[in-house]
Structure formats: structure tokens, C-alpha cells
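The values are calculated or read from the model by the stated rules, or taken from the named source; none is laboratory data. Note that this is a predicted model, so its numbers are computed, not measured. Cβ placement follows ideal geometry from the backbone for every residue including glycine, while neighbour counts extend to all protein chains displayed.
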Amino acid sequence: MISFELTDEQRLVQQTAREFADREIIPRARANDRNEHFDLELVAKLAEVGFLGSIVSEEYGGRGIDYRTYALIVEEVGRGDSSSVAKLFATEASVRSANSAIQVHGGAGYVDEYPVERYLRDARVTTLYEGTSQIQKLIIGRAVTGVNAMT
Ligand SMILES: Cc1cc2nc3c(=O)[nH]c(=O)nc-3n(C[C@H](O)[C@H](O)[C@H](O)COP(=O)(O)OP(=O)(O)OC[C@H]3O[C@@H](n4cnc5c(N)ncnc54)[C@H](O)[C@@H]3O)c2cc1C
């Protein structure tokens, strides 16, 4: 039987991400949105706290955390500001997580007898509607470089 209870470590990461969102993201989200400001300072802070690339293994400079912990971070960051960065980050993470869930369940992950295969389809569509991942990347790229590659 799989336990869906969060471990102490996961709760700690969730709490840290929650406090980070309350302290660093929410107070500036509205102004950033209104001013169409891409907040590089906030990106640096996300990196500083270890939230960027956190599923990358430690060997390559990440934190090597599991997908569940990653989802907890994504949930809190997304709660703070559902901008292009958050949307891209959260939806691509959900696809990777659902894809891994299929792998972990083997054949049972593929057949429609169980809901696992449905989770992937549900996650996949979030990278399409409300701005596809490619369009989010173009928006982020434009904000970071000032070059508009949309046309
Ligand atoms: C279940 C579901 C619900 C939806 N609900 C709504 C809704 O409520 N309201 C609404 O308005 N729309 C809705 N849509 C439509 C959705 O927003 C579009 O499907 C989405 O924006 C992609 O547009 P498209 O299908 O025309 O693909 P296209 O624009 O033809 O894009 C096809 C592919 O090309 C890529 N692409 C396109 N342009 C570029 C570019 N310049 N550079 C790089 N790659 C590019 C895209 O990322 C995509 O991968 C929904 C779609 C689905 C599947």
C-alpha cells in the first residue's frame, strides 16, 4: 500500500516554499503583472533558495529532489504568481510527474482500467491551453532579452 502522507522533509520544503511565496512573490506579483515587468530579481531569489532545477541531480548542480516534493514547490510558487514562468514551470513539471507515474505503474499505468494514463492526458493539455509552452517560452525570452521572436 502506497502512503500518500507527506514526509517530514516534504512538509518542511512545502512550508519553506509557502513562506517564500508569501514573503517574496505575492507582494510584488500584482505590480509586476500591471507593469508587464519580468522580475529577474525574483528569478535570482528562486535560484538562491534552490527552487530552480531542483529535480536535477546534485551531481549536475541541482538538489535531486523527488517529483512529489517538486510538485509541492510548484504548487506554492504557482499560488504566488501564475505568470508565464509559473505556468511553464508548473505544467511541464506536471507532465514529467504524470509520465513518471505511468512508468512506475508499468502496464497498469498504460491501460484505461486505472486512472494513471488519464493523469498524463490531463497534465498534457495544460501545456497547450492558456498559452502553449512554446508561447510561454517566447514571452519569457522576449522579457529577458528584449527580442520579440513571436513574429
Ligand atoms: C481541452 C481544451 C480546451 C480549450 N479551451 C479553450 C478555451 O476555453 N478558450 C480558448 O480560447 N481556447 C481554448 N482552447 C484552445 C487552446 O488555447 C489552443 O489549442 C492553444 O492555444 C493552441 O492553439 P492551436 O491549437 O491553434 O495550435 P497552434 O497555434 O496551431 O500551435 C500548434 C503548435 O505550434 C506551436 N507554435 C505555434 N506558434 C509558434 C511559434 N510562433 N513558435 C513556436 N511554436 C509555435 C504551438 O506551441 C503548438 O505546439 C482549448 C484547447 C483544448 C485542447
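Residues considered: Arg121, Arg142, Arg68. Of these, the only one that is among the basic types (Lys, Arg), surrounded by fewer than 16 Cβ atoms within 10 Å (Cβ to Cβ) and in contact (Cβ under 8 Å) with a residue 24 or more places away in the chain is Arg68.
Can you confirm whether Ala108 is over 19 Å from the mean Cα position of the chain (by Cα), near the ligand (Cβ under 10 Å from one of its atoms) and either surrounded by 12 or more Cβ atoms within 10 Å (Cβ to Cβ) or without any contact (Cβ under 8 Å) to a residue 12 or more places away in the chain (or both)? So Ala108 fails the test. Selection of region 116-151 for residues being part of a helix (DSSP H, G or I), modelled with pLDDT of 95 or more and more than 9 Å from the ligand (Cβ to nearest atom) yields Val116, Glu117, Arg118, Tyr119, Leu120, Arg121, Asp122, Ala123, Arg124.
Cβ-Cβ distances below 9 Å connect the following pairs, each with a first residue in region 44-56 that is on the phi > 0 side of the Ramachandran plot and surrounded by 13 or more Cβ atoms within 10 Å (Cβ to Cβ), a second residue that is aliphatic (A, V, I, L, M) and not in a helix (DSSP H, G or I), and a separation of six or more residues or different chains: Gly50/Ile65. Considering the conditions (1) more than 16 Å from the ligand (Cβ to nearest atom); (2) at pLDDT 90 or above; (3) within 19 Å of Glu36 (Cα to Cα), Ile102 is excluded by exactly one of them, (3). In the set Glu41, Glu113, Glu75, only one residue is surrounded by fewer than 20 Cβ atoms within 10 Å (Cβ to Cβ), part of a helix (DSSP H, G or I) and at pLDDT 90 or above; that residue is Glu41. What do you reckon, is Phe89 buried (at least 19 other Cβ atoms within 10 Å of the Cβ), away from the ligand (no atom under 16 Å from the Cβ) and not assigned by TED's automatic domain parsing to the domain that holds Ile25? So Phe89 passes the test.
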